[in-house]
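Chemist: Here it is, the structure in full.
The values are calculated or read from the model by the stated rules, or taken from the named source; none is laboratory data. Predicted, not measured: the structure shown is a model, and the values here were computed from it. Note that each Cβ is placed from the backbone with ideal geometry, even for glycine, and that neighbours are counted across all protein chains shown. Heads up: the accessible areas ignore ligands, DNA and RNA and are worked out on the full protein's heavy atoms, side chains in. Shrake-Rupley method; radii C 1.70, N 1.55, O 1.52, S 1.80 Å.
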Amino acid sequence: IGNVEAPVENGWDVAGITEATKNHTLVRKYPNIEVGNNDWTSSAGTDVDNSEWIIFDENEFSHIGWHGEEPIDPTLVITAPTDGSTLYTSTVTVVYNVANFDVAETGGDGYIIYNVDGDSDTEIYTTDNYTVNFTTEGNHSINMKLVDSEGNDLDPTVEATVNFIIDLSNTISDINYNINTYPNPVSEILNINTQNAEQIIIYNSIGQVVKNINNVENETKINVNSWENGIYLIKITTTQGVVTKTIIKQ
């Protein structure tokens, strides 16, 4: 850096400091300055405000490798299903959040791989929710991991695992009993059309009851506007058994 026409042994003035490039440490301002500048006069500036550089005393090494804010590590969190929960449905919607990591097939930081019950990995190139269909009851698990564009684990490894139980006992087909829930996803009014229903219980993603209806009509309307966004499980008890439905509040 500097002016090639000026004597090097004297150093160059930066930010109003005489011979700042001599016996000082210069650090580029961040995040204000993100690209280089071939105009040294403009880059050096005449004071601390218009200069692109911060002047420290000699041998200031704390900014080596980066400058500005500390780098933030990527994170991966599975929000649904919750760990240790019991699900009354064979179709499970997986909801998760990825931060500080650009998931993309090309041009990003990498992608996601997941496996169900320790079986083979499936690759994901978006952060959209996905569904898994289970054919057996009992204990199950889903593991997700961030990998780089070459498919290698990050260092340190970034992954998340949830364990849950699927219970399909007394579950009946909603098609046979004319049970319908709409719209899905829902933002304001949830409609539940049923016949011969005795009770409707709605759970959030951590298993808390958010709605319990004992006197069920054939057409039920529920205002969900104040509910938090996420996955909800509807458990409908009829005279013939139990029907479970999953909705997304957004």
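Chemist: At q = 0.08, 0.12, 0.13, 0.15 Å⁻¹, what is the base-10 log of I(q)/I(0) for the chain according to the Debye formula with one equal point scatterer per Cα and no solvent? Please give it to two decimals.
Modeler: Debye curve over Cα of the chain, log10 I(q)/I(0) at q = 0.08, 0.12, 0.13, 0.15 Å⁻¹: -0.54, -0.80, -0.87, -1.04.
Chemist: On the protein heavy atoms, probe 1.4 angstrom, tell me the percent of accessible surface of region 173-250 carried by carbon and sulfur.
Modeler: Looking at region 173-250 in its full context, I get 38 percent from C and S.
Chemist: For residue 221, which lysines qualify as cross-link partners when the Cα separation must be under 16 Å and same-chain residues fewer than eight apart are set aside?
Modeler: Within the straight-line limit of under 16 Å, residue 221 reaches these lysines: 211, 235, 245, 249.
Chemist: Another question about this same structure. Counting heavy atoms of the protein chains only and a 1.4 Å probe, report the per residue accessible area for region 38-160 as a whole number of Å².
Modeler: With all protein chains present, region 38-160 gives 59 Å² per residue.
Chemist: How much net charge surrounds residue 228 when only other residues with a Cβ under 15 Å from its Cβ are counted (Lys, Arg +1; Asp, Glu -1)?
Modeler: In short, +1.
Chemist: For residue 117, list long-range residues whose amide hydrogen, built 1.01 Å from N in the peptide plane, is under 5 Å from its own amide hydrogen.
Modeler: Under 5 Å from the amide H of residue 117 lie the amide H atoms of 141, 142, 143, each far enough along the sequence or on another chain.
Chemist: If the chain between residue 100 and residue 148 were fully stretched, how many nm would it gain, using 0.36 nm times the residue separation less the Cα-Cα distance?
Modeler: 16.0 nm
Chemist: Under 5 Å between amide H atoms, partner at least 5 residues away or on a different chain: which partners does residue 29 have, H built in plane at 1.01 Å?
Modeler: 53, 54
Chemist: Moving to a separate point now. Taking 0.36 nm per residue of separation and subtracting the Cα-Cα distance, what length does fully extending residue 46 through residue 23 add?
Modeler: Using 0.36 nm per residue and subtracting the Cα-Cα distance, I get 6.4 nm.
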